[in-house]
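Notes follow the structure.
The values are calculated or read from the model by the stated rules, or taken from the named source; none is laboratory data. Values in this document were obtained by computation on a predicted structure and should not be read as measured data. For neighbour counting, all protein chains shown are included, and Cβ atoms are generated from backbone atoms with ideal geometry for every residue, glycine included.
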């Protein structure tokens, strides 16, 4: 019997893993040679759950983009085409772990239990928003599920992830792993170097995950690095690297799980590259047709679509018939629609809250400014919701 | 129930969008989230989905028009009519705040004498005044100045302000505390005039100054009010170049290129700019430095469908005549069809204004600020000329150059144009200089 694909991949040396690509399902949803045994161990409930989480992200993103175009929310960045990498990584995390996201990991938060209502409240910046409307939309945070608020500044979060991991080890919390995410663009920054170096030297329990979607806004991967793969960069820092097909949810899960298990077992930090493609625009303010060949995008939108791949496999096992799929999609659509209705009904945060959280006690200057602000005529644009 | 769909800010901080194409017309039924219109902003061209299901009652901005953010783009009569109506557009009470905001233009710096006014940059278009409390006038001052005023027991609102945007400075507070009415040391650096109102009279039409027209107006007045323009005109004998072009036309056609005189003129001008670098420059007013550019991006000013447009031939010094011809033609098509990108319309270092057959005899072109020179190309026609003591018919053409005398002296400008003239009159010399 052929050796399992997993055994073969993880038997490779660092260089082989960083240049290779772990894959379980091929683009058409068929098991690759050597993956059958592992796939046979996957239970129906888990596989269905992974698909549902991926579809929830897709349905939510599509609705949010429409709301942005209607002027109902200010900004949005969707994760179209990257759902498998996001859900695979989330599935490999445990509740006690910490998620330090880059910009396209809100779905990780949703998978871990962040409610749609909380997510939408942040997008609307309304009174229910945990961050009181102070962040750009699409920058959620969720303390109960250890989902740290993201910053729009590229890669500043990677050292935070390593620092959190170092702190947890000092605190003796041996079973908590920090997941630090980044995009391909983030790997060209100084913070990437700092974080990778400290991760390697400190052997802190963290997993640094690059969702390589091949576009940093308008900069293609070819202009981003001269390295053959991003995973190869890890070798110089003494970090084990794993590289997986980010459009294959099982491969993404296995790659991140392997790294997280290593960290949890005291084996230190490692690096994971999940190779995917940004099918959408960078954000609602971006128009990729101005700088890239959208003919290529269509391949990723079509045959390489991660949802199509998993759905085909599920269908082949009789685990997700067309009728069941439609019912699932309708349920998720309704969940999102209802959450939108609830959050649009919530008012804006009180004006006085803009002075909160600066000092424990407001200073005379803040009190004076607040009084002046409240005395000032208030106007609002009629199109503001 | 009628739902007003206000033009959203679909980028981060865009102020207006151009309607590319409506996908529905008045009277059409639309479903929720059905794409209804394609809109182009500075950042992206996107489809807007309908926020309501119903019937298109009124389209306020049509294809090609510019809709400012915050204006009612379309009114949708909702199916069923159960939803609550948006605030009626006419409900805004007329207060000084709403009037100023309703002007829809970014506010200028608030003069110190009217510190009570509010700048309008945050909102565009008509607003609804929710609550108008007769509070004291807002005073602009930094925390340090506020602290100083507090320490000296001075009410900030009584201190005449001399700072930027009507800000009360610490010096103002100290001066006021010392008994003076104002410690003014800062002088106004610009003279501003009250806006010229044109009283209604007779049969007139009023067209809002906005979009491209507004940008042209702003850029032109800035150029004229900043650059010290002078214009110099020279006549060029194009007869030899006419012959050269005639011979090269066939070869160009084989390559699918339409060969005009413009690529030759670009070539001659780039050659002149290399020799006279003062003309391929800008003044950095912030640092008071003259920036001499060693790249040659030549702007071609021409009439586009929406008004004047300058398309930019990048790195004109590194292109062959055929290459220039192809690029000029491509850019011209892009401008005509409205597909030119922002990069293709910005970044020129020197501009040519070409009016072809409408070129006239001479002009005083306005510099494409912050460049320092612009050449106007006039109509080329056969005229009597004196050659070797004989009157003969020659192809003559005028070039008018306007220069910014702050950076370019008459000598450099004249020498530049003489060099351009020499190259055009004897095209073989032009080829000597080619890379």
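Kindly evaluate residue B:8 against the criterion of being over 27 Å from residue A:217 (Cα atoms) and facing chain A (nearest Cβ under 9 Å). Criteria not met by residue B:8. In the stretch A:317-336, is there at least one residue being surrounded by 14 or more Cβ atoms within 10 Å (Cβ to Cβ), out of contact with any strand residue (DSSP E or B) (no Cβ under 8 Å at 6 or more places or on another chain) and within 12 Å of chain B (Cβ to nearest Cβ)? The answer is yes, given that some residue of the stretch A:317-336 is surrounded by 14 or more Cβ atoms within 10 Å (Cβ to Cβ), out of contact with any strand residue (DSSP E or B) (no Cβ under 8 Å at 6 or more places or on another chain) and within 12 Å of chain B (Cβ to nearest Cβ).
If you go through the stretch B:11-21 and pick out every residue that is outside any strand (DSSP E or B) and either within 12 Å of chain A (Cβ to nearest Cβ) or at pLDDT 95 or above (or both), you end up with 4.
Selection of strands (runs of 3 or more DSSP E) fully inside the stretch B:268-312 by the criterion of at least 3 residues being under 23 Å from residue B:378 (Cβ atoms) and touching a residue at least 40 places away in the same chain (Cβ under 8 Å) returns B:298-304. Considering (1) without any contact (Cβ under 8 Å) to a residue 40 or more places away in the chain; (2) under 21 Å from residue B:279 (Cα atoms), the lone condition that residue B:418 does not fulfil carries the number (1). Looking across the stretch B:38-64, just one residue is in contact (Cβ under 8 Å) with a residue 60 or more places away in the chain and on the phi > 0 side of the Ramachandran plot, and that is B:64. Per this entry, residue A:81 is not counted among residues that are outside any helix (DSSP H, G or I) and either within 14 Å of chain B (Cβ to nearest Cβ) or at pLDDT below 95 (or both). Here the condition is being surrounded by 23 or more Cβ atoms within 10 Å (Cβ to Cβ), in contact with a helix residue (DSSP H, G or I) (Cβ under 6 Å, 6 or more places away or on another chain) and away from every other protein chain (no Cβ under 14 Å); of A:50, A:110, A:116, it holds for A:50 alone.
Looking across A:199, A:204, A:227, one residue alone is without any contact (Cβ under 8 Å) to a residue 12 or more places away in the chain, away from every other protein chain (no Cβ under 14 Å) and touching a helix residue (DSSP H, G or I) at 6+ places or on another chain (Cβ under 6 Å). It is A:227.
Scanning the stretch A:14-31 for residues that are outside any loop (DSSP other than H, G, I, E, B) and within 20 Å of residue A:306 (Cβ to Cβ) gives A:22, A:25, A:31. For residue A:328, the test of being in contact (Cβ under 8 Å) with a residue 60 or more places away in the chain and either farther than 30 Å from residue A:162 by Cβ or in a loop (DSSP other than H, G, I, E, B) (or both) is passed.
Of the candidates A:289, A:280, A:252, A:270, the single residue that is crowded, with 20+ Cβ neighbours inside 10 Å and within 14 Å of chain B (Cβ to nearest Cβ) is A:280. Comparison of B:46, B:24, B:72, B:97 shows that the only residue that is at the interface with chain A (Cβ under 9 Å from one of its Cβ atoms), over 24 Å from residue B:345 (Cα atoms) and either at pLDDT below 90 or surrounded by fewer than 19 Cβ atoms within 10 Å (Cβ to Cβ) (or both) is B:97.
Residue-by-condition table, conditions (1) outside any helix (DSSP H, G or I); (2) at pLDDT 95 or above:
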| residue | (1), (2) |
| --- | --- |
| A:2 | yes, no |
| A:8 | no, no |
| A:33 | yes, no |
| A:37 | no, no |
| A:47 | no, yes |
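Only residues that are in a strand (DSSP E or B) and out of contact with any helix residue (DSSP H, G or I) (no Cβ under 7 Å at 6 or more places or on another chain) were counted across the stretch A:231-289, and they come to 2. Determine if the stretch B:321-335 includes at least one residue that is touching a residue at least 40 places away in the same chain (Cβ under 8 Å), in contact with a strand residue (DSSP E or B) (Cβ under 7 Å, 6 or more places away or on another chain) and surrounded by fewer than 18 Cβ atoms within 10 Å (Cβ to Cβ). Checked against the condition, which is being touching a residue at least 40 places away in the same chain (Cβ under 8 Å), in contact with a strand residue (DSSP E or B) (Cβ under 7 Å, 6 or more places away or on another chain) and surrounded by fewer than 18 Cβ atoms within 10 Å (Cβ to Cβ), the stretch B:321-335 yields no hits at all. The set of residues in the stretch B:116-170 being crowded, with 20+ Cβ neighbours inside 10 Å, within 12 Å of chain A (Cβ to nearest Cβ), part of a loop (DSSP other than H, G, I, E, B) and at pLDDT 80 or above consists of B:139 alone.
Okay, residues lined up against (1) assigned to a helix (DSSP H, G or I); (2) farther than 15 Å from residue B:323 by Cα:
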position: B:221; (1), (2): yes, yes
position: B:224; (1), (2): yes, yes
position: B:234; (1), (2): no, yes
position: B:253; (1), (2): yes, no
position: B:256; (1), (2): no, no
position: B:259; (1), (2): no, no
position: B:264; (1), (2): yes, no
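A single member of A:95, A:31 is under 27 Å from residue A:208 (Cα atoms), touching a helix residue (DSSP H, G or I) at 6+ places or on another chain (Cβ under 8 Å) and away from chain B (no Cβ under 14 Å), and it is A:95. Evaluating residue A:92 against the criteria (1) free of Cβ contacts under 8 Å to residues at least 12 places away in the same chain; (2) crowded, with 22+ Cβ neighbours inside 10 Å leaves one unmet condition, (1). All of (1) touching a helix residue (DSSP H, G or I) at 6+ places or on another chain (Cβ under 6 Å); (2) surrounded by fewer than 17 Cβ atoms within 10 Å (Cβ to Cβ); (3) within 30 Å of residue B:391 (Cβ to Cβ) hold for residue B:247 with one exception: (1). Within the stretch A:348-374, take every residue that is under 26 Å from residue B:70 (Cα atoms) and within 13 Å of chain B (Cβ to nearest Cβ) and give me the one that is modelled with the highest pLDDT. The qualifying residue modelled with the highest pLDDT is A:348.
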